[in-house]
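A.B. asks: If you scroll down you'll find the structure; I have some questions about it.
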Amino acid sequence: GESVGLHLPTLSVQEGDNSIINCAYSNSASDYFIWYKQESGKGPQFIIDIRSNMDKRQGQRVTVLLNKTVKHLSLQIAATQPGDSAVYFCADPIKAAGNKLTFGGGTRVLVKP
Amino acid sequence: ETGVTQSPTHLIKTRGQQVTLRCSSQSGHNTVSWYQQALGQGPQFIFQYYREEENGRGNFPPRFSGLQFPNYSSELNVNALELDDSALYLCASSLGGGGAFEQFFGPGTRLTVL
């Protein structure tokens with residue numbers, strides 16, 4: 001069945017260090033993934049996406065890696081800043097259902113000064 | 001460009017009551033999706049509206065219903081409220097009724113059912 005899950009509920013990271021957030025998926029037919037950031041009191045905000053024909057995609061301070069063999073993707077945040085403190089979700093749009101997003105449970109990133 | 005807005009911000013209801021939540025989509029978007037986010041969990045898809053028609057529904061009972069208006073704004077109605085309906089309700093707008101992936105989320109309505 002369709003599911004997207006994350007490995008760790010909370011990640012504590014020192015300011016300036018790199019953060020790595022992991023996500024596993026179970027649907028082999030999934031061909032597109034999105035990472036969202038949700039700050040307290042706000043709705044999820046698009047960070048970066050990746051299609052299944054890519055292994056890696058880079059944005060500003062963020063990189064997403066996709067390993068289709070083990071159905072795993074990760075979000076790397078370089079030089080983590082206090083403003084990066086939030087809950088991060090990976091999501092999998094289901095084309096057959098109007099691109100409804102299937103979210104994992106989220107990883108809370110806490111940035112220590 | 002106007003972003004996605006939702007009203008009200010917070011709402012407190014009692015069991016058995018009915019509630020209506022509202023969402024204004026981003027300018028130019030014709031699709032609205034509704035999600036329920038329980039505390040500490042990821043959002044769960046409720047349903048989507050495209051050009052005033054329901055276009056996909058998640059695993060929610062019929063007492064969750066919706067509408068989309070000609071200006072593409074939308075309402076989520078929940079009847080016979082239960083304690084477990086307490087959650088953050090998010091709407092997201094997009095363009096294309098399934099053809100475009102990126103969905104832009106509003107800030108949500110926090111519903112508390114007592």
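A.B. asks: What percentage of all Cα-Cα pairs in the protein assembly as shown are separated by more than 23 Å?
C.D. replies: In whole percent, the long-distance tail amounts to 48.
A.B. asks: How many percent of DSSP beta bridges within chain A run antiparallel, rounded to 5? Write out the running numbers ahead of the final one.
C.D. replies: Details: 36 of 41 bridges.
Roughly 90 percent of the beta bridges in chain A run antiparallel, per DSSP.
A.B. asks: To continue, here is another question. Starting from the exponent 0.38 and prefactor 2.2 Å, build the expected Rg for chain A from its residue count and divide its actual Cα Rg by it. Don't skip to the answer; put the middle values down first.
C.D. replies: Values: Rg = 13.5 Å, N = 113, 2.2 N^0.38 = 13.3 Å.
Dividing the Cα radius of gyration by 2.2 N^0.38 Å gives 1.02.
A.B. asks: Residues of B:36-47, mean number of Cβ from any other protein chain within 10 Å of their own Cβ, rounded to a whole number? Provide the component values of the computation, followed by the final result.
C.D. replies: Numbers: counts 0, 6, 0, 0, 5, 5, 16, 10, 4, 8, 1, 3.
Going residue by residue through B:36-47 and averaging, the value is 5.
A.B. asks: So for the stretch A:15-69, what are the equivalent ellipsoid semi-axes in whole Å, largest first, each being the square root of 5 times an eigenvalue of the Cα gyration tensor?
C.D. replies: Details: eigenvalues 91, 44, 23 Å².
Working through the eigenvalues yields semi-axes of 21, 15, 11 Å.
A.B. asks: Which of the peptides B:12-18, A:86-92, A:63-69 is most tightly packed, and how do the rest follow, judged by the mean count of other Cβ atoms within 10 Å per residue? If you can, show how the numbers build up before the last one.
C.D. replies: Values: B:12-18: 11.9, A:86-92: 24.4, A:63-69: 15.9.
With the highest mean Cβ count within 10 Å placed first, the list reads A:86-92, A:63-69, B:12-18.
A.B. asks: Once you've got the Cα coordinates, tell me which of A:42/B:13; A:42/A:100; A:37/A:71; A:68/A:100 are over 24 Å apart. Write out the running numbers ahead of the final one.
C.D. replies: Values: A:42/B:13 22 Å; A:42/A:100 20 Å; A:37/A:71 21 Å; A:68/A:100 21 Å.
Pairs exceeding the cut-off: none.
A.B. asks: If you don't mind, another one. Let me check I have the definition right: for chain B, take the eigenvalues of the Cα gyration tensor, multiply each by 5, take square roots. What are those semi-axes in whole Å, largest first?
C.D. replies: Working: eigenvalues 102, 38, 33 Å².
Those come to 23, 14, 13 Å.
A.B. asks: Another question about this same structure. Please give the average number of partner chain Cβ atoms lying within 10 Å of the Cβ of each residue in A:24-36, rounded to a whole number. Please list the in-between numbers first.
C.D. replies: Working: counts 0, 0, 0, 0, 0, 0, 0, 0, 1, 1, 3, 0, 4.
The shielding value for this peptide is 1.
The numbers here are math on the coordinates, done by the rules we state, and not lab data. What you are looking at is a predicted structure, and each value in this text was computed from that prediction instead of being measured. Virtual Cβ from ideal backbone geometry, glycine too; neighbours counted across all protein chains shown.
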